[in-house]
Amino acid sequence: MRLFTRKKDIADDPEVYGKIYIFGKPIKHDRFILIISLSLAIILFFSGVYFKLYMSYITLSALLISVYSIVSFPYIFYKILENNERRRIEDEYISFLRDLAEALSSGMSLHQALKHVSEIGYTALGKFIRKLYVWVSWGIDFRRAFEMFNKYFEGYREIRRANNVILETYISGGDLAKILKTLSDDLENIRDLEKLRASYMRQQTLVMYIIYVVFIGMLIGILTMLKPMMMQLVQTGEGGFGVSFGKIDYGMLKNVLGISIIVEAFSIAIINGYIESNRISGSFRHLAITTFIAVLVYIFFIIPPSVMIDITMPIAPFSGMPIEMTIKVGVDMKPITTTARIEVLGPSTYLIDYVDVVSGTGRYTFTPSSSGKYTIKVTVNYGGNRYTEVKEITVS
């Protein structure tokens with residue numbers, strides 16, 4: 001059994017049009033693209049985890065952008081093309097009804113009228129009209145042929161409704177040309193009203209985008225404002241990183257805000273799409289915009305770690321007295337274990353040494369040989385980046 005089947009006769013079958021066979025079962029093209037994209041994205045994500053790409057901010061950002069691109073871009077691009085084709089079909093269908101009505105009114109038989117309209121250069125609708133004409137030419141009853149023709153338009157509510165009216169008119173022996181003309185006029189009026197409605201709704205869409213940007217700005221402002229407040233709380237805590245620091249989950253706060261931005265991106269896209277087209281499927285163009293903004297915000301404001309380095313020393317040390325300094329290191333308000341590089345620069349002293357920081361705390365002692373101003377520089381490497389804290393002390 002072939003895994004994927006996409007033969008011409010299957011593609012022309014109205015029962016499975018727009019679908020592909022996987023293990024003998026038909027699946028819509030958009031779902032097939034989504035399955036393939038998700039599979040590739042999952043493989044890429046776990047490969048990145050296996051190779052520890054999350055250890056560096058740059059590689060983690062590249063991994064997230066790649067995963068997002070693989071999941072979203074093929075699917076969204078396909079849905080945009082699908083929606084564009086949908087609009088062309090809806091526009092051309094009105095012309096098809098009008099052309100068919102004029103052909104019938106001129107005295108042509110139904111078979112001749114179908115041949116005439118099948119030769120008109122419809123870009124999106126032409127293949128379906130030609131298929132209808134071929135079925136009728138093969139001797140298939142018009143009722144049966146038109147029922148199969150109608151199956152091509154799954155999801156086209158107005159077109160299917162108009163086709164049902166045409167079919168009922170044909171069965172009952174009514175004036176088909178008159179009904180076709182009436183239906184084309186009604187559908188054209190509906191289309192004009194939809195365009196007028198969409199033009200009014202674009203202002204609302206712009207307002208929703210402004211709300212989204214303001215929402216993101218407020219969350220980033222809250223995150224920026226809370227960071228120094230939490231750092232001060234940690235630095236003044238009695239237990240340092242071990243107690244006060246451990247009680248504050250700044251990383252969780254960033255993730256919650258990041259998830260809020262992503263959820264808001266989906267909400268804004270769905271609302272804008274429904275406002276413009278009155279269909280959820282019209283949201284994919286907006287989803288491409290809002291989710292891309294959300295991913296950029298997540299990469300530049302949520303993922304970057306907040307590394308804290310705090311140096312504690314005696315207030316008034318004397319020359320010749322050992323000075324014990326306490327070095328505290330944390331990431332997103334959580335203590336880490338690492339190695340800190342210490343530089344001591346004084347009037348007659350220049351030291352470079354390393355100290356182990358365990359569970360957020362490390363200690364280092366040096367003895368100043370003379371009085372004066374000393375500069376203490378502590379450097380920590382984390383996630384491929386270098387973070388430095390400088391503090392000065394005056395020795396009597």
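The values are calculated or read from the model by the stated rules, or taken from the named source; none is laboratory data. In this text, all values refer to a predicted model and were calculated from it rather than measured experimentally. Heads up, the Cβs are rebuilt from the backbone with ideal geometry, glycines too, and the neighbour counts pull from every protein chain shown.
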Within the stretch 147-178, tally of residues that are over 23 Å from Ala269 (Cα atoms), outside any loop (DSSP other than H, G, I, E, B) and either within 29 Å of the chain's Cα centre (by Cα) or of a type in the set (Phe, Trp, Tyr) (or both): 4
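Answer with yes or no whether Ile42 is over 23 Å from Met148 (Cβ atoms) and either in contact with a helix residue (DSSP H, G or I) (Cβ under 6 Å, 6 or more places away or on another chain) or modelled with pLDDT of 75 or more (or both). Spell out the reasoning first.
Details: over 23 Å from Met148 (Cβ atoms): yes; either in contact with a helix residue (DSSP H, G or I) (Cβ under 6 Å, 6 or more places away or on another chain) or modelled with pLDDT of 75 or more (or both): yes.
So Ile42 fits the description; yes.
Return yes or no: is Ser369 more than 32 Å from the chain's Cα centre (by Cα), modelled with pLDDT under 85 and either within 28 Å of Ala62 (Cβ to Cβ) or not assigned by TED's automatic domain parsing to the domain that holds Ile65 (or both)?
Working: more than 32 Å from the chain's Cα centre (by Cα): yes; modelled with pLDDT under 85: yes; either within 28 Å of Ala62 (Cβ to Cβ) or not assigned by TED's automatic domain parsing to the domain that holds Ile65 (or both): yes.
The answer is yes for Ser369.
Got a sec? Which of Lys131, Lys115, Lys127 is touching a residue at least 24 places away in the same chain (Cβ under 8 Å) and either assigned to a helix (DSSP H, G or I) or among the β-branched types (Val, Ile, Thr) (or both)? Full working, then the answer.
Working: Lys115 fails: touching a residue at least 24 places away in the same chain (Cβ under 8 Å); Lys127 fails: touching a residue at least 24 places away in the same chain (Cβ under 8 Å).
Lys131 is the lone residue from the list that is touching a residue at least 24 places away in the same chain (Cβ under 8 Å) and either assigned to a helix (DSSP H, G or I) or among the β-branched types (Val, Ile, Thr) (or both).
Being part of a helix (DSSP H, G or I) and touching an Asp or Glu at 6+ places or on another chain (Cβ under 7 Å): is that true of Lys181 here? Quick ask: steps written out before the conclusion?
Details: part of a helix (DSSP H, G or I): yes; touching an Asp or Glu at 6+ places or on another chain (Cβ under 7 Å): no.
No: the conditions fail for Lys181.
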Selection from the stretch 169-206 of residues that are modelled with pLDDT of 90 or more, exposed (fewer than 15 other Cβ atoms within 10 Å of the Cβ), touching a helix residue (DSSP H, G or I) at 6+ places or on another chain (Cβ under 9 Å) and not hydrophobic (A, V, I, L, M, F, W, C): Asp175, Lys178, Asp185
Residue list for the stretch 50-79, restricted to those being surrounded by 14 or more Cβ atoms within 10 Å (Cβ to Cβ) and not in a helix (DSSP H, G or I): Ser56
Some residue of the stretch 65-80 being among the β-branched types (Val, Ile, Thr) and without any contact (Cβ under 8 Å) to a residue 24 or more places away in the chain: no
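Yes/no per residue for (1) surrounded by 19 or more Cβ atoms within 10 Å (Cβ to Cβ); (2) basic (Lys, Arg); (3) closer than 30 Å to Lys28 by Cα:
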{"residue": "Leu81", "(1), (2), (3)": "no, no, yes"}
{"residue": "Ser95", "(1), (2), (3)": "no, no, yes"}
{"residue": "Leu100", "(1), (2), (3)": "yes, no, no"}
{"residue": "Leu114", "(1), (2), (3)": "yes, no, yes"}
Failed condition for Thr339, given (1) over 30 Å from Asp249 (Cβ atoms); (2) hydroxyl-bearing (Ser, Thr, Tyr); (3) part of a strand (DSSP E or B): (1)
Residue in the stretch 362-373 that is surrounded by fewer than 18 Cβ atoms within 10 Å (Cβ to Cβ), on the phi > 0 side of the Ramachandran plot and either in contact with a Gly (Cβ under 9 Å, 6 or more places away or on another chain) or not in a strand (DSSP E or B) (or both) present: yes
Cβ pairs under 6 Å, 6+ apart, first in the stretch 137-153 and touching a residue at least 40 places away in the same chain (Cβ under 8 Å) and among the hydrophobic types (A, V, I, L, M, F, W, C), second surrounded by 15 or more Cβ atoms within 10 Å (Cβ to Cβ) and not in a helix (DSSP H, G or I): Met148/Pro14
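In the stretch 282-289, is there at least one residue being among the small types (Gly, Ala, Ser), out of contact with any helix residue (DSSP H, G or I) (no Cβ under 6 Å at 6 or more places or on another chain) and either at pLDDT below 70 or not assigned by TED's automatic domain parsing to the domain that holds Thr337 (or both)? Break it down into steps so the answer makes sense when it comes.
Just the residues of the stretch 282-289 that are among the small types (Gly, Ala, Ser), to begin with: 282-283, 288.
If we keep only those that are out of contact with any helix residue (DSSP H, G or I) (no Cβ under 6 Å at 6 or more places or on another chain) as well, we get none.
Looking for residues that are among the small types (Gly, Ala, Ser), out of contact with any helix residue (DSSP H, G or I) (no Cβ under 6 Å at 6 or more places or on another chain) and either at pLDDT below 70 or not assigned by TED's automatic domain parsing to the domain that holds Thr337 (or both), one finds none in the stretch 282-289, hence no.
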Of the criteria (1) more than 11 Å from the chain's Cα centre (by Cα); (2) under 30 Å from Lys334 (Cβ atoms), which one Ile270 fails: (2)
